[in-house]
Amino acid sequence: MDIKIHIITSTILAALLYNFYGLWVLLVVIVGTILDIDHFIYFYRKKRKLSLRECYAYYKHIDRHKKFAEIKDAIFIFHLVELLILFLIAGFFNRLFLLIFYSMLLHYILDIIYEAKYLGGIVKPYSIIYWLVKRKE
C-alpha cells in the first residue's frame, strides 16, 4: 500500500484521538508511517541495497506483476499480530501503548484490505507462528 494512504489515515485517526491524548497523537502518525520500515529491512537483506527508491520500485514490481514468490520467505517484523497483541497488553499499563496499538491496527487493516482487493488475497504472513509453520513445509 502506498505510504501516502498510511500518512493520511494515521493523521485522521490522530485527529479523532486528539481530545483524549493531546499531542501524544503524533505517535499515531509516526508509527502509522514508519511501520513499513520492515519492508526496507527485508529489501536490504535480499538485495544489499540501501536505496528507498529501488525498494519502492521492487515492491511495486512485485505487486503489479503478482510475483509473490519473490517474498514468500519474507517476515515483516512490524506487521505481526503477536506484536500488535503485545502493544494491546502494554496499553493496559500505559495508555501511550494504546496509541501505538491503534496506529498499528489501522495500518494492518489497510494493508489487508489492499492485499485482498488488489493482490487477490493476503500476501504476507501476519503471524510469526504462521510464518514458522510455513517455512517448515
Exercise for review: At most 10 other Cβ atoms within 10 Å and a DSSP loop assignment: could you name the chymotrypsin sites (Phe, Trp or Tyr not before Pro) in segment 1-102 that fit?
Suggested key: 92, 93
Check your understanding: Where nothing but the Cβ of Lys and Arg (+1) and of Asp and Glu (-1) is charged, how large is the charge dipole of segment 19-62 around its Cα centre, in debye to the nearest 20?
Key -> 380 debye
Exercise for review: Kindly express, to the nearest 10 degrees and within the range 0 to 90, the angle between helix 37-47's C-alpha long axis and the longest C-alpha principal axis of the chain.
Suggested key: 20 degrees
Check your understanding: Given a cut-off of under 8 Å on Cα pairs at least six residues apart, what relative contact order in percent is computed for segment 3-136?
Key -> 28 percent
Check your understanding: Just for the Cα atoms in segment 14-118, what are the lengths along the principal axes, largest first, rounded to whole Å?
Key -> 43, 26, 23
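Every number here is computed from the coordinates shown, using simple stated rules; none is lab data. This is a predicted model, so every value here is computed, not measured. Note: ideal-geometry Cβ built from the backbone for every residue, glycine included; neighbour counts use all protein chains shown.
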